[in-house]
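Engineer: I'd like to ask you about the structure that follows.
The values are calculated or read from the model by the stated rules, or taken from the named source; none is laboratory data. Computed from a prediction, not measured in an experiment: that's the story for all the values here. Glycine also receives a Cβ, built like all others from the backbone with ideal geometry; neighbour counts cover every protein chain displayed.
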Amino acid sequence: MSPARTSRRSPTTSRGAAENVGVGFQRLPEGWKAEVKEKDGNLFERVETDASVRTTWLLTPPTPRPSGR
């Protein structure tokens, strides 16, 4: 990934039966940003046992600081 350039990532997550599921990041490295590609694209009303859900994230690493500052 290039600094300050957005990249697409589409991890697939499997989980047992659950309702009102939200997929997200608990921690990102300092300065990184994560956005869901589509509004509410990380929210699912129900996920059945052995089913998969997919969320597309736009990940942006921090801009490097100029040296000497």
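Engineer: Would you pick out the residues in segment 1-26 that are modelled with pLDDT of 65 or more and part of a strand (DSSP E or B)?
Structural biologist: Ala18, Glu19, Asn20, Val21, Gly22
Engineer: Taking only pairs six or more apart or across chains, which ones have beta-carbon atoms under 6 Å, a first residue in segment 22-33 that is surrounded by 12 or more Cβ atoms within 10 Å (Cβ to Cβ), and a second residue that is in a loop (DSSP other than H, G, I, E, B)?
Structural biologist: Listed pairs, sorted by first residue: Val23/Asn42; Val23/Thr55; Gly31/Pro62; Trp32/Pro61.
Engineer: Now for a different question. Checking the conditions here, which among Asp50, Asp40 is at pLDDT 90 or above and at positive phi? Don't jump to the end; show me each part of the working.
Structural biologist: Values: Asp50 fails: at pLDDT 90 or above.
Criteria check complete, one pass: Asp40.
Engineer: Return yes when Pro66 is modelled with pLDDT under 85 and surrounded by fewer than 10 Cβ atoms within 10 Å (Cβ to Cβ) and no when it is not.
Structural biologist: Yes: the conditions hold for Pro66.
Engineer: Can you tell me which residue is farthest from Ala17 (Cα to Cα) among those in segment 27-52 that are assigned to a strand (DSSP E or B) and touching a Ser or Thr at 6+ places or on another chain (Cβ under 6 Å)?
Structural biologist: Lys33
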